[in-house]
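First the structure, in the form of structure tokens, and then the observations on it.
The values are calculated or read from the model by the stated rules, or taken from the named source; none is laboratory data. None of these values were measured; they are calculated from a predicted model. Here the Cβ is made from the backbone with ideal geometry for all residues, glycine too, and neighbour counts use every protein chain on show.
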Amino acid sequence: MEENLRRGLSAVFWNTDQRRFRAPFRFAISSIIVLVFVLLLGLVAFIVGSAVGDLGPVLAAVAEITSLFALVGAVLAVSWIVDRRQFRDIGLGFDTAWRRAFGVGLAIGTVMVVAVVAVVLLTTGRLDGTLLTRDGTLFAGLSVPVGLLVAGAYFLAIGALEELIFRGYVLVNVAEGSRIVLEGRTATLLAAGVSAALFGLVHAGNPNASVVSTLIITLFGLLLAGAYVLTDSLALPIGIHTGWNFVLGPVFGLPVSGLTTSVALVDVDAGDAALTGGQFGPEGGVVALVGLLVGAGLLAGWLRWSRELSVSEQVAEPDLWRRS
């Protein structure tokens, strides 16, 4: 009887068939590992800063970008070791089709921003100049050419990191866990909603965030989650996310989720805060809905042209690597 009780308690924590912890405990373990990694990165940055002093704007930007890509590596390592997932199981491939989809995502994100800026300029906005350096929370002290290069790497790292966390980790785990009580398609759609809601809530802590910005970023999360569950790949979401952030900020000079860039290819003064989101940027104003509609239309058109437009149930089915 004691042996049966021990096995029963063990089964609460450990999935014998999959040889890994149950989802809630995997999430807790993964969160602790990533938190410790972040603290170690902070400690390294403090030690380097104390030893070297002022790194200068270029090296400081490179160090920040390196830290972001290190976090990407940490999330991948946690997914591999704790969740025992193969990289393709969280939407990574890097083959020709994956790279093509990433490029399409960049194009969709770019067109979304162009549509938003067009509405801004036709209503309350105006152009204030081109090829500018200015006060901002990101890329201070960099020239325009260097700032644009650094911004491209920075927003690629941000896009990859956030999509790995919210789509590649949260969405996948919620979808898999929900399969206990739901069929595959329903579990995947539920997970898409959960990941989008968490995406919005996390950005509620950004500077100048509001209820409106949180709701709109949740809608962005739904678009990105849709791009994932319709393709079972992170290529489109990472591309859309990166394209939107880069073109919105350093290209058109608008705030990105409350953060401003110190370089701008074209400086757009957005005008009316209620329409354009004010200091939070278009993601905090109703004008963002134009971008969302354009993005949803382009995404649907691309998927109908390239493949069947349907939810991939494979998102909720783990493809685990096996120990020999």
- prompt: Quick check: anything in region 106-117 assigned to a helix (DSSP H, G or I), closer than 27 Å to ALA316 by Cβ and within 22 Å of the chain's Cα centre (by Cα)?
  reply: yes
- request: Please tell me if ALA97 is surrounded by fewer than 21 Cβ atoms within 10 Å (Cβ to Cβ) and part of a helix (DSSP H, G or I).
  value: yes
- prompt: Out of region 11-37, which residues are surrounded by 14 or more Cβ atoms within 10 Å (Cβ to Cβ) and in a helix (DSSP H, G or I)?
  reply: ALA23, PHE25, ARG26, PHE27, ILE29, SER30, ILE33, VAL34, PHE37
query: Within region 66-94, which residues are assigned to a helix (DSSP H, G or I), aromatic (Phe, Trp, Tyr) and more than 17 Å from the chain's Cα centre (by Cα)?
result: TRP80
message: With within 21 Å of ALA28 (Cα to Cα), within 13 Å of the chain's Cα centre (by Cα) and modelled with pLDDT of 95 or more as the only criterion, which of PHE199, PHE220 stands out?
response: PHE199
statement: Residue pairs qualifying under the 7 Å Cβ cut-off, at least six apart or on distinct chains, with the first in region 56-83 being farther than 13 Å from PHE139 by Cβ and the second being modelled with pLDDT under 95 and of a type in the set (Val, Ile, Thr), are ALA74/VAL34; VAL75/VAL34; VAL78/ILE33; VAL78/VAL34; SER79/ILE90; VAL82/ILE29
statement: If we ask which residues in region 91-125 are touching a residue at least 40 places away in the same chain (Cβ under 8 Å) and out of contact with any helix residue (DSSP H, G or I) (no Cβ under 9 Å at 6 or more places or on another chain), their number turns out to be 1
query: Looking at this structure, is GLY193 of a type in the set (Gly, Ala, Ser), part of a helix (DSSP H, G or I) and either assigned by TED's automatic domain parsing to the domain that holds GLY103 or surrounded by fewer than 22 Cβ atoms within 10 Å (Cβ to Cβ) (or both)?
result: yes
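The rows are residues; the columns are (1) β-branched (Val, Ile, Thr); (2) at positive phi.
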position	(1), (2)
GLY184	no, no
GLY200	no, no
VAL212	yes, no
ASP232	no, yes
SER262	no, no
VAL266	yes, no
PHE280	no, no
GLY284	no, no
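Conditions (1) closer than 26 Å to GLN314 by Cβ; (2) of a type in the set (Ser, Thr, Tyr); (3) out of contact with any Lys or Arg (no Cβ under 6 Å at 6 or more places or on another chain); (4) part of a loop (DSSP other than H, G, I, E, B), marked per residue:
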{"residue": "LEU121", "(1), (2), (3), (4)": "no, no, yes, no"}
{"residue": "TYR154", "(1), (2), (3), (4)": "no, yes, yes, no"}
{"residue": "ARG167", "(1), (2), (3), (4)": "yes, no, yes, no"}
{"residue": "ASN173", "(1), (2), (3), (4)": "yes, no, yes, no"}
{"residue": "THR186", "(1), (2), (3), (4)": "yes, yes, yes, no"}
field: Single residue of ARG126, ARG134, ARG185, ARG167 found to be of a type in the set (Lys, Arg) and crowded, with 22+ Cβ neighbours inside 10 Å
entry: ARG167
